[in-house]
Amino acid sequence: MTIQQVMAQRQRLQRAAGLLALEHGAVGTTPDGLTVKGHANSIYEDAISQAEQAAASGAMLWVTAAELIADTYEQLIADMQKAGRP
């Protein structure tokens, strides 16, 4: 696992978290008390925490866990966008 791989997955998670928060904002499901930006930060921090937990438990490498989480977020975004189309 290289620092470049870690940074690439962090950036991917940050983009996916932002887009997911925007989708939630568009449909009115941003959690009470959070702005879209705050929600994006919350989603991102949760993703980082999940990846760290998976790596710490030995379940998988951090980069692999982050990649799977980003894949899931991106699928959620696509599903939300598809559902919002007429």
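The values are calculated or read from the model by the stated rules, or taken from the named source; none is laboratory data. Since this is a predicted model, take the numbers as computed values, not measurements. With ideal geometry, Cβ positions are generated from the backbone for all residues, glycine too; neighbour counts draw on all protein chains shown. What goes into the accessible areas is simple: the full protein's heavy atoms, side chains included, and nothing from ligands, DNA or RNA. Shrake-Rupley method; radii C 1.70, N 1.55, O 1.52, S 1.80 Å.
Please give the per residue volume of the convex hull enclosing the alpha carbon atoms of the chain, rounded to a whole number of Å³.
Working: hull volume 7.2 nm³, N = 86.
Roughly 84 Å³ of hull volume per residue.
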Seminar exercise, completed: Rounded to 0.05, the calculated FRET efficiency for the beta carbons of Asp32 and Gln5 at R₀ = 35 Å is 0.45
Problem set entry | Per-residue HN-Hα couplings for the range 44-50 [Karplus 6.51, -1.76, 1.60; θ = phi - 60°; Hz; x = Gly/Pro] | 4, 4, 5, 4, 4, 4, 4
Exercise. Where does the charge balance sit around Gln75 when Lys and Arg score +1, Asp and Glu -1, over other residues with C-beta under 15 Å from its C-beta?
Worked result: -2
Exercise. Can you work out ³J(HN,Hα) from phi for every residue in the range 16-31, in order, using Karplus 6.51 cos²θ - 1.76 cosθ + 1.60 and θ = phi - 60°, giving whole Hz and x for Gly and Pro?
Worked result: 5, 5, x, 5, 5, 5, 5, 5, 4, x, 5, 9, x, 10, 5, x
Seminar exercise, completed: In whole percent, the fraction of accessible protein surface over the chain that belongs to carbon or sulfur atoms, probe radius 1.4 Å, stands at 56
Seminar exercise, completed: Once phi for every residue in the range 67-81 is put through the Karplus expression 6.51 cos²θ - 1.76 cosθ + 1.60 (θ = phi - 60°), the whole-Hz ³J(HN,Hα) values, with Gly and Pro written as x, are 4, 5, 5, 4, 4, 5, 4, 5, 5, 4, 4, 4, 5, 5, 5
Seminar exercise, completed: About its Cα centre, the range 3-84 carries a charge dipole, from +1 on Lys and Arg Cβ atoms and -1 on Asp and Glu Cβ atoms, whose size in debye to the nearest 20 is 220
Exercise. Say the dipole of the chain comes from +1 at the beta carbon of Lys and Arg and -1 at that of Asp and Glu; which of Ala59, Ser42, Ile3 then lies farthest toward its positive end?
Worked result: Ile3
